[in-house]
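One structure is given here, and the rest of the page talks about it.
The values are calculated or read from the model by the stated rules, or taken from the named source; none is laboratory data. Keep in mind it's a predicted model, so treat the numbers as computed, not measured. Backbone-built Cβ (ideal geometry, glycine too); neighbour counts: all protein chains shown. These area figures cover heavy atoms from the full protein model, side chains too; ligands, DNA and RNA do not enter into them. Shrake-Rupley method; radii C 1.70, N 1.55, O 1.52, S 1.80 Å.
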2 protein chains.
Amino acid sequence: MLTLFHHPMFATCRFVRLAFGEFNEELSLIEEKPWTRRKEFLALNAAGTLPVLLAEGDVPIIGAHVIAEYLDETRGVLKRDRRLLAEDPLDRAEIRRLCDWYLVKTESEVTRHLVRERVLKPLMPEALGGGSPDSSAIRAARANVRQHMKYTNWLAGTRHWLAGPRITYADLAAAATLSILDYLGEIDWSGHTAAREWYTRMKSRPSFRPLLADRVRGLSPVAHYADLDF
Amino acid sequence: MLTLFHHPMFATCRFVRLAFGEFNEELSLIEEKPWTRRKEFLALNAAGTLPVLLAEGDVPIIGAHVIAEYLDETRGVLKRDRRLLAEDPLDRAEIRRLCDWYLVKTESEVTRHLVRERVLKPLMPEALGGGSPDSSAIRAARANVRQHMKYTNWLAGTRHWLAGPRITYADLAAAATLSILDYLGEIDWSGHTAAREWYTRMKSRPSFRPLLADRVRGLSPVAHYADLDF
């Protein structure tokens, strides 16, 4: 079994867990608090970022999209219609673009800020950046959530899955991101019927179950978080 | 000939130009100022980011690493020992990790700030974010340059090319980034002998020539910028 250094409230880490889950491959999970800059962890990844996968031979593979490519090259290519990348280079580019959209753009405009202010700061010692949440950062992130929901709704309304006719990494990246925002009660699902229908389908997949069981100390999810028929 | 929407002072765009240059494939370049949020450009890339490649059939391919994968899949795999990615999945992961290091980490800790404050702000209208440079942002970025030079020097001192025995995307990502910092005179090469030797090799490659000819209005490069024997 491979090992994943992760944090339950990082979208990039949830994305990797979903991807292995789709391939029915269990991971041994180690929760890492990257802000503590643990020496043993920095020895694996000098950048100090998550996720880090210990692949075959305990070689560290660093970063969500790098792990996704590795997973495709070592497993995905053999999965035929369960592969999470397409065969055609242009279709692959579209899947990768959407992964970047959620794991880089939504992350930097929305997810990172809400997670830092609402989840991490209350848990972090002051010397490492903990303390009271910054309400202006929360407000700015909340204003951006709407644009990302609108875009997701548009994608889900024009395609069966977000990147086309089959489920791909794009769906996992989007669902990983939205699952964190949903945990925090930051998503207004009304008026986003197509996105909601797509997310319900994602939530019902066996790969999603472990995410719905995630809990953060001192912060319960919204009532409908783990509800498959929300 | 394919078209690249780019900005001469974005490392991600220089990286793509170097990659096509290594394959001797000319690009038609269109300089884009993403902060103006030009409607025709947003229609190609809703995220409004650079670089954007118009691939075969004018299909937009968005983002440096997505373009690099597309280039590898459609050209690189046929290049044998001139391929810019490795064959082995673990070696590929290391190359991608280093691309992320320079195009994401160095970018967010150093390059983006120095380019914004020193290059873009003086050119941008005030309504779009222009104005006087923020000296504290410049100071913070400059403090970080040292760490990134130290790391590059370590890589260059332990491997012939940054990711191993052959030139790869990792070298292009690093050189694209350092070429911008060097243009701005932000690199102290003394004490970084291995990095300097590696960068001299990079600078001498035909793919690098167009970058050394780049000029930004109102801001000349340091004297040694285009000097192959600096």
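In the structure shown, the pairs A:Lys150/A:Lys203; A:Lys39/B:Lys203; A:Lys105/B:Lys33 are assessed against 28 Å; a Cα-Cα span above that value is assigned to A:Lys39/B:Lys203.
When nucleic acids and ligands are ignored and a 1.4 Å probe is applied, B:Ser28 ends up with an accessible area of around 50 Å².
Calculate the dipole size of the range B:89-209 relative to its Cα centre from +1 charges on Lys and Arg beta carbons and -1 charges on Asp and Glu beta carbons; express the result in debye to the nearest 20.
The calculated dipole for the range B:89-209 is roughly 280 debye.
By a 1.4 Å probe calculation restricted to protein chains, A:Leu212 has an accessible surface near 20 Å², given to the nearest 10. The solvent-accessible area of B:Thr193, taken with every protein chain present and a 1.4 Å probe, is close to 110 Å². Springs between alpha-carbon atoms under 10 Å, Gaussian network over chain B: tell me which of B:Tyr151, B:Tyr199, B:Tyr183 tops the mean-square fluctuations. Judging by the Gaussian network model, the answer is B:Tyr151.
Chain A packed on chain B takes about 1900 Å² of accessible surface away from a 1.4 Å probe, both sides summed.
Once the range B:89-209 is represented by equal point scatterers at the alpha-carbon sites, with solvent omitted, what log10 I(q)/I(0) does the Debye formula produce at q = 0.12, 0.16, 0.17 Å⁻¹? Result of the Debye calculation: -0.46, -0.77, -0.85. With N counted as the residues of the range B:177-224, its alpha-carbon radius of gyration over 2.2 N^0.38 Å works out to 1.16. Considering the options A:Ile167, A:Ser132, A:Asn144, tell which one lies farthest towards the positive end of the dipole of the range A:89-212, charges being +1 on Lys and Arg and -1 on Asp and Glu at the Cβ, about the Cα centre. It is A:Ile167.
What's log10 of I(q)/I(0) for the range B:2-82 at q = 0.12, 0.16, 0.18, 0.19 Å⁻¹, Debye sum over Cα points only, no solvent? Result of the Debye calculation: -0.32, -0.55, -0.69, -0.77.
Both radii were evaluated on the Cα set of chain B; the Rg over Rh quotient, with Rh as the Kirkwood radius, amounts to 0.95. Of the listed residues B:Leu44, A:Leu155, the order by accessible area with a 1.4 Å probe, largest first, is B:Leu44, A:Leu155.
Show me the trypsin sites (Lys or Arg not before Pro) within the range A:71-102 that DSSP assigns to loop and that have at most 14 other Cβ atoms within 10 Å of their Cβ. Here the sparse-neighbourhood loop sites are A:Lys79. The trypsin sites (Lys or Arg not before Pro) found in the range B:1-47 that occupy coil by DSSP, while having at most 15 further C-beta atoms within 10 Å, are B:Arg37, B:Arg38. Around the Cα centre of the range B:2-82, unit charges on the Cβ atoms of Lys, Arg, Asp and Glu (plus for the first two, minus for the last two) sum to a dipole of about 280 debye.
At a 1.4 Å probe radius, which order do A:Lys33, A:Lys150, B:Lys203, A:Lys105 fall into by accessible area, largest first?
A:Lys150, A:Lys33, A:Lys105, B:Lys203
Distances from B:Arg142 to itself in the other copies, using label points 7 Å out along the Cα-Cβ axis, amount to 4.0 nm in increasing order. Each helix, a run of at least 4 DSSP H residues, gives -39500 (n - 2.57); summed and divided by the residues of the protein assembly as shown, these come to -13000 deg cm²/dmol at 222 nm. A simple spin-label model places the labels of A:Ser204 and A:Lys79 2.0 nm from each other, with each point 7 Å out along Cα-to-Cβ.
With q set to 0.07, 0.13 Å⁻¹, the log10 of I(q)/I(0) for the protein assembly as shown, from the Debye formula over equal scatterers at the Cα positions, is -0.35, -1.34.
Starting from the label point of B:Arg209 at 7 Å along Cα→Cβ, the same points in the other copies fall at 6.2 nm, in ascending order. In this rough spin-label picture, where each label sits 7 Å from Cα along the Cβ direction, the B:Arg139-B:Trp189 distance is 2.9 nm. Of B:Val115, A:Val59, the order by accessible heavy-atom surface (1.4 Å probe, DNA, RNA and ligands excluded), from most exposed downward, is A:Val59, B:Val115. In plain terms, the chain from B:Lys150 to B:Glu40 could stretch by 35.4 nm, reckoned as 0.36 nm per residue minus the Cα-Cα distance. Of all DSSP bridge pairs formed entirely within the protein assembly as shown, close to 60 percent run antiparallel.
For the protein assembly as shown, a crude dipole built from +1 on the beta carbon of Lys and Arg and -1 on the beta carbon of Asp and Glu, taken about the Cα centre, is about 740 debye to the nearest 20.
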